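Notes to accompany the following structure.
The values are calculated or read from the model by the stated rules, or taken from the named source; none is laboratory data. Because the structure is predicted, anything quoted here is derived from the model rather than measured. When we count neighbours, we look across all protein chains shown, and the Cβ atoms used for this are built from the backbone with ideal geometry, even at glycine.
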Amino acid sequence: KEKHKILHQLLQNSTS
Amino acid sequence: SPTTSMAELDHLVQVISKSHLETCQYLREELQQMSWQNFLQDEVESYQSKPREVMWQLCAVKITEAIQYVVEFAKRIDGFMDLCQNDQIVLLKAGSLEVVFVRMCRVFDSQNNTVYFDGKFAGPEVFKALGCDDLITSVFDFAKSMCSLHLSEDELALFSAFILLSADRTWLQEKLQVEKLQQKTQLALQHLLQKNQREDGVLNKLRFKVSALRSLCSRHTEKLSAFRAVYPDIVRTHFPPLYKELFG
C-alpha cells in the first residue's frame with residue numbers, strides 16, 4: 001500500500 | 001449477449017460518456033477558443049535549448065496532470081470501484097498512460113501535426129531536448145492515426161474504458177471480474193458503433209490500436225529508465241510523486 005500511497009489516496013477521494 | 005439487454009448497453013454508453021466528458025481535461029469548445037495557436041519559432045527554440053532534465057520534468061508534470069483526470073474517469077466507470085483495490089491499482093498503473101495517449105487525439109491538430117502542450121500547439125520539434133525523437137515521432141503518428149478514425153466523444157469514451165478495463169494485465173487478482181466488465185464495455189462500444197452507422201472496419205482498426213498503445217507505453221518506460229540511469233536524483237527529487245508511483 002505504501003508503494004502506491006498517492007494512487008490509493010486519489011481512489012479514495014470521493015468523486016465530485 | 002443474451003445476458004446484456006440493449007437498454008443496459010445504452011445505459012452503459014450514457015454513463016461512460018458522461019464520465020468521459022466530466023473528466024476530459026479540455027472541452028473541445030475550450031480548445032477551439034485557443035484558436036489552435038502554434039508556438040512561434042523563438043518559443044520552439046527556447047524549449048529546444050532547455051536542459052534535458054528540465055524538459056523531462058516539464059513533460060512528467062504534464063503527463064501526471066492528464067493522468068489525474070484519467071483516474072477520475074476510471075472511478076466513474078460502472079463497476080471499477082467494486083473491484084478489489086489491488087486490481088484498481090494494477091489497471092491504472094498499466095492503462096492510465098494508454099488512455100492519455102488515446103485522449104491526445106482530442107487535442108491534436110492533424111493538419112499541422114501539433115498537439116496542445118503548455119498553452120499552445122506544439123510540433124514534435126518542441127520536444128527535441130528530451131532526447132527521445134523516435135518515441136515522440138511514434139506518439140505523434142499514433143495521435144494522427146487515432147484522429148483519422150474521427151471517433152465521436154461517445155466512441156472515444158467507450159474505447160478509453162475498454163482500454164482501462166484490460167483483463168489481460170499482469171498481477172490482477174480477480175481477472176474474471178475485470179473480464180466481465182471489459183466484455184460489457186466492448187459490447188457497448190460495438191452497439192454504439194452500429195448505432196452510429198460506422199463501417200465494420202472501425203472496430204478492427206481499434207483492435208490494432210491496443211497493441212500500438214502497449215508498445216508506446218513500454219517504450220516510455222524504457223526511455224524513463226535510461227533517463228533515470230543518468231539523472232537518478234532529478235527523478236527522485238523533482239518528478240511528481242504520482243508519476244514515480246506509476247512508472248517507477
Consider B:Val235 against the criteria (1) at pLDDT 95 or above; (2) farther than 22 Å from B:Ile16 by Cα; (3) surrounded by fewer than 15 Cβ atoms within 10 Å (Cβ to Cβ): it satisfies all of them except one. Which criterion is unmet?
(3)
In region B:96-129, which residue that is within 12 Å of B:Ser160 (Cα to Cα) and of a type outside the set (A, V, I, L, M, F, W, C) is surrounded by the fewest Cβ atoms within 10 Å (Cβ to Cβ)?
B:Glu98
What are the residues in region B:227-244 that are within 14 Å of chain A (Cβ to nearest Cβ) and in contact (Cβ under 8 Å) with a residue 40 or more places away in the chain, if any?
B:Phe239, B:Pro240, B:Leu242, B:Tyr243
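What residue, of B:Leu135, B:Leu176, B:Leu156, is out of contact with any Lys or Arg (no Cβ under 6 Å at 6 or more places or on another chain), surrounded by 14 or more Cβ atoms within 10 Å (Cβ to Cβ) and not acidic (Asp, Glu)? It would help to see each step written out before you state the result.
Values: B:Leu135 fails: out of contact with any Lys or Arg (no Cβ under 6 Å at 6 or more places or on another chain); B:Leu176 fails: surrounded by 14 or more Cβ atoms within 10 Å (Cβ to Cβ).
Answer to the check: B:Leu156.
What helices (runs of 4 or more DSSP H), lying completely within region B:15-88, carry at least 2 residues that are within 14 Å of chain A (Cβ to nearest Cβ)?
Numbers: elements: B:28-33, B:41-48, B:52-75.
Output list reads B:52-75.
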